[in-house]
Structure formats: C-alpha cells, structure tokens
Amino acid sequence: MQHPVPRPRIPRASTPASAPATASAAALPGARTLPGPRALARLLAALALATLLALAGAPAAAPPAQAAPPIPSGGATSPNGRGDVILNLFQWTWDSVAAECESTIGPAGFGYVQVSPPQETIQGTAWWTSYQPVSYKIEGKLGDRAEFAAMVESCNSAGVEVIADAVINHTTGADGGSGTGTAGSSYGIDSFPGIYGAEDFNDCRTNITNYQDRYQVQNCRLVSLQDLRTGSTHVQDTLAGYMNDLLSLGVAGFRIDAAKHIPASDLSAIKSKLTDPDAYWVQEVIGASGEPVQESEYVGTGDVHEFDYARQLKSDFDGSIANLQHIADGKLPSDQAGVFVDNHDTERNGETMNSTWGAKYVLANTFMLSYPYGSPSVYSGYTFTDKDAGAPGATATSVPDANCDSDAWTCTQRWTEIQGMVGFHNAVAGTEVTNWWDDGANQIAYGRGDKGFVAMNNTGSATTRTYTSSLPAGTYCDVVASSNCSETITVAADGTFSATLPAYGALALQVGKTSEGTTPDPGNEPVAGKVSVSVQATTTWGQDVRIVGSVPALGSWKPASGVALDPAGYPAWTGSVDLPAGTSFEYKYVKVDASGAAVWESGANRTATVGADGKLSLSDTWK
C-alpha cells in the first residue's frame, strides 16, 4: 500500500482574522444563557451537586436521545461562522487549550473542543495512563482544577464549548497493583479510599477473552482495567456526581469512553442523574459484525461513534473514492452518528487513516467536513514512533504545553485546508448533496445545494475538467487552496466552471466566500448593484448602528470601516451599499459609540447574495 508524499507543513502563523468578541458568555446546551455571573452559577451548581451526592434516589425516566451537538450561540463570532464541528485536542494541557481556543479554534469556526480526561489518574509517561482513573479530582498531568475552569471560560468567550472525555467504565489496571495517583490519592486492587470498595466492582475478575459473550464484554475486565459495577446506585451516583461537577464548571457535554463495556440501561440511568440530563454526549461503541453488543443499543441516550465510517474512508482512499457516494448505507442514521477520520486509538492500531497518510489524510478530512453524514470530529494529536509514547516531553506527573511551532505536534486545526473546510461545513449546513459526479474510480465532485461545491482528485496526476454546480454566478475563493482568497474560480451563469485539481488535491467553493466583483458571464463586466439595508435595533445614547461584513465595501469585518446607517426612522436603521450583481457576502450589525467601542450582535454570521439584476433588500432585526 503506497501513500502520497506527506503534505507540507502549513506556516504556523497562518490563522484567520475574526470579528471582535461580543460581551456575552457562552451557555450550556439546553440552557443557552446562565442566570447571573458564572461564579454564582458554579456555586449554586456545587451546592446542588453536594445534595445530589448525599441523597441516593431511584433513576428518573431515560432522557431523550440528543443528535448533533447544538451550535454554540455565545462568545466571539468567526469569519467562518459557527457550527457543530468538534476539534479533538489529544493530550493538550488546559492552558494550551485555552490559548488555542482564543488564537485559532474560535476564529476558525469550530463549535466544540474535546479535551482529554480531566481527572486524577495513575502516574506514568504513556498516553494510556490518562485512561486509568484514581479519583475524580480535577487534577492531573494536564493541569489542575483552576486551570481547567479558566480554560472553559476562555473557550466559551471565544465561541467554543468544551466536551470532556469521561472515563466511567473502569478505574486502574489490576495488573498495576497499588500506587499513588497524580494528585496524591492512594489506590489498589478493589481499593479506592473514600470512593470505591470491592463491592463496587463487577464479580468477574478476569480479562475479556470472548467478544461474542455479552456478559464478558460488559462485566469482565478490559485489558485488566477494574470494571465498575455501573448497575449499582452508589457507582451511578458517584459517576453522575463527577460529571455534574464538570457541568458546574461549564462543560457542555461528554465523550463516553468504553461505552460498549457499560450496559446501555446503566448509561441511561447515569445520564438521568445529571443536573442537565439533556447534555450532549457521544459514546465510544466499537461495533463489529456478529457481536452481541451493537451501536444501535446506545442511540437512546445520545450520539454513537460510527467506526465503520472511518474504516470505509481508509478502504476507499486506498481503493475507489467513487464508493463514498453511498458511505451512509448500512450505518447509523446521520443524526445519531459521530464521525471521524481517526482518533487516539485508531491512529495507533491501524484501524483507520492517520496523519502519516499525508495528502490523502487531508482529502479524507475534506470529505468528512463537506459530505452531510454524522457529526464530524477533527483529530489533532502528536507524532510518535512508539505507540505507547505520551505527549512530547511528558513525565510521570506532567505534560508540557503543546507547541505548534514544533513538528512534534500535528496541529491539524491550523492547516489551511482544515480551517477552510470548517467554514464550508458551517456555510452549507442543512443542504442536500446535488450534482454528484465521479469517474467510477478516484475523482469525485458534488454540490451542497446552491451553497457550496467540492471536487476531489485522489490520483497521482493533476486533472482538468468542467464541473456543473448549482452555485450562483460569481468569482469564488477556493477555501482549500488558500485562506486569503489568492486562489479563485469563476462560475458562469449556468453554474459551470473549469478547474485543474493537483494530484491528491481538492477545491471547495462556497457562497459567502467570493472575491470583490464577480463575473456572471466570463468576458463581460459585472452588473452594478445596490443593496438596501434596514435593521430594527435599539441603542443607548451616543451609539450608532453599522453593517459590517466580509467584503471591502462592508469594512472587511472592521467596525470603523463599516457602513453607518441612518436612525431617522428609529428604531429602524436604514442605508444602502453598492455591490456588484452576484456578490455573495457574510455580514453582521454592530453598535459603535463615540469612543469606538463596538458591540456585535450575537449568533452566526448572516449571509446574502446580490441578485443577477443587481438588487437586494435586507430587512433584519438585531439579535
């Protein structure tokens, strides 16, 4: 099996600009605003948690399943819009995650960041020590409780919410005996003082040897890990207490590690004890044909990772990507599937592609972020030759901050192609696949309604052809090729365009990412156009309202350069902007006072396209 030459490193200074943050803080899914200062909310949640842990009650009715994570609505806006894409930052410290949320993750338009398990674990340099809990103190190799809380605050302010990897199936490995955890707690076989005793573990004390035996899979030890009796009230209350503590710190949801080894009914009971039983979670259920435990059992409480999706990506990118047109066939329904190209397990065991596949790996992520199946998660880890090796520079009790200036960290979230496709995913959300084309082998192309179009070349030679799309006429930025619109494609009035794709390359065009001045008909001048603007907005004394957007005529996201609107019909603010016919753009309204201080409206960026006749009327209400 031969793979293309690894992709070149993306310059580390390349991060997109973003519109200034709003003053509002992000809220938890299901309760979109917090009642009062966050510190007070945490105190109240902590008191509720103490009561919950003190009183053991019967589980409530099973909570309804939640599909894709809801799009965050608080914090800073992004030129790429905001969507439901998850970024999985494996073995990043809390301080590193916080800084990355502000510099890259938020501006790139990711909705969520998934962090490694936040709890006390066994000591050791190997990565898998993070998956052997000693206690539920938020203190370990990646940082302490205060740093974790500060990270959540920083990410929320950047418009990004946090998903915690939750290890609730087991504790430490029995083969490791006794010891002291990263926060100083002692542990042993059947002994976790103040938390668990022998009665809190399942009766089976041997390792799983037969995956055709449901009892073994869900009651015996997974590679020696001491298997919790998750059907007991005490264990359920303890686990729910830990997760409620994380919720009180602002965590928005969870990845449930080793969910396959926990009966689905036990997970339902645990989730019903959460202070937010509608919190998003996605469950790790590694499905295999013919086994008694299947992914479909777990959709009653949330999303489930669809491992067959990642397996097919590996197979098809080494075979024929024309097969990807039917990638949803025989898999979980789209609204119940969590999808990925690779994760921390599969990049090591060969089950899926990983970053060493180079340009093909980039193509697979491009497909995942552009094809409407499942909730996508982009993986970002570190390079290794030893599959057990921990993060670069890890000691038995600490991990250094991630460094994207070093080749030791993959930092996929900074790649131009990934950032461009996150914006594409956000822009085309809710549209169907249209205009599918393939050559029967390794060239494919497809549209997302009249919002976007993607083409991929999974061969070792460049290819040129004319594509048919449903896009409006215009000159579009290729968001895979560059972050500054230095590479453009002109789409004719009938939706066709010609393009050359490099070997193992792609292009992606989307409404809202166009150059200034489009060309509806090659060779003809664009039709002059005028956009009329009206927005209902109340202001305080000294404020005016401006429309600001992605094109120079709207200030290129700079409030000082935006178009000031007339308050003569207050609270209606009106005005006009000259833009050529066919111009697609993103925009928002902003309130600016005499000092230049700006207050941005909340929510995703608005999008619009000037009609072919040069006319467009915007009639909006401040949000």
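Here are a few things to note about the model shown:
- Evaluation of D175 against (1) farther than 26 Å from T301 by Cα; (2) part of a loop (DSSP other than H, G, I, E, B) (one fails), failing number: (2)
- Restricting the search to helices (runs of 4 or more DSSP H) fully inside region 201-272 and requiring at least 3 residues that are under 15 Å from P133 (Cβ atoms) gives 233-248.
- Where T77 falls short, out of the listed (1) at pLDDT 95 or above; (2) over 30 Å from S268 (Cβ atoms); (3) buried (at least 24 other Cβ atoms within 10 Å of the Cβ): (1)
- As a summary of the residue check, P400 satisfies the conditions (1) under 30 Å from K141 (Cα atoms); (2) in contact with a Phe, Trp or Tyr (Cβ under 7 Å, 6 or more places away or on another chain) except for the one numbered (2).
- Considered as a group, the residues in region 241-267 that are farther than 20 Å from F307 by Cα and more than 24 Å from the chain's Cα centre (by Cα) include one that is most open to solvent (accessible area, probe 1.4 Å), and that residue is S265.
- Any hit, region 191-210, residues being open to solvent by less than 50 Å² (accessible area, probe 1.4 Å), without any contact (Cβ under 8 Å) to a residue 12 or more places away in the chain and among the small types (G, A, S): yes
Residue-wise test of (1) open to solvent by 10 Å² or more (accessible area, probe 1.4 Å); (2) closer than 22 Å to I256 by Cβ; (3) out of contact with any Ser or Thr (no Cβ under 6 Å at 6 or more places or on another chain); (4) assigned to a loop (DSSP other than H, G, I, E, B).
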{"residue": "W92", "(1), (2), (3), (4)": "no, yes, yes, yes"}
{"residue": "E100", "(1), (2), (3), (4)": "no, no, yes, no"}
{"residue": "G106", "(1), (2), (3), (4)": "no, no, yes, no"}
{"residue": "Y136", "(1), (2), (3), (4)": "yes, yes, yes, yes"}
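- Here is the figure for region 182-200: residues that are in a strand (DSSP E or B) and not polar (S, T, N, Q) total 4.
- The residues on offer are T125, T121, T182, T171, and the sole one that is of a type in the set (S, T, Y) and open to solvent by 30 Å² or more (accessible area, probe 1.4 Å) is T125.
- At least 1 residues being open to solvent by less than 20 Å² (accessible area, probe 1.4 Å) and at pLDDT 95 or above is the threshold, and among the strands (runs of 3 or more DSSP E) wholly inside region 352-454 those reaching it are 375-380, 443-448.
- Number of the exception - S296 against (1) at pLDDT below 95; (2) among the polar types (S, T, N, Q); (3) in a loop (DSSP other than H, G, I, E, B): (3)
- For region 318-375, filtering for residues that are on the phi < 0 side of the Ramachandran plot, small (G, A, S) and under 19 Å from the mean Cα position of the chain (by Cα) leaves 7.
- The residues listed here are A604, A594, A581; of these, the one that is part of a loop (DSSP other than H, G, I, E, B), surrounded by fewer than 21 Cβ atoms within 10 Å (Cβ to Cβ), modelled with pLDDT under 90 and out of contact with any Phe, Trp or Tyr (no Cβ under 9 Å at 6 or more places or on another chain) is A594.
- Residue pairs meeting the criteria (Cβ under 9 Å; at least 6 apart or on separate chains; first closer than 16 Å to Y211 by Cα, in region 283-299; second surrounded by 19 or more Cβ atoms within 10 Å (Cβ to Cβ) and hydroxyl-bearing (S, T, Y)): V285/Y298
- Residue list for region 145-168, filter: farther than 29 Å from A269 by Cα and either surrounded by fewer than 24 Cβ atoms within 10 Å (Cβ to Cβ) or out of contact with any Lys or Arg (no Cβ under 9 Å at 6 or more places or on another chain) (or both): A146, E147, A150, M151, E153, S154, C155, S157, A158
The values are calculated or read from the model by the stated rules, or taken from the named source; none is laboratory data. What you are looking at is a predicted structure, and each value in this text was computed from that prediction instead of being measured. When we count neighbours, we look across all protein chains shown, and the Cβ atoms used for this are built from the backbone with ideal geometry, even at glycine. These accessible areas exclude ligands, DNA and RNA; they are computed on the full protein's heavy atoms, side chains included. Shrake-Rupley method; radii C 1.70, N 1.55, O 1.52, S 1.80 Å.
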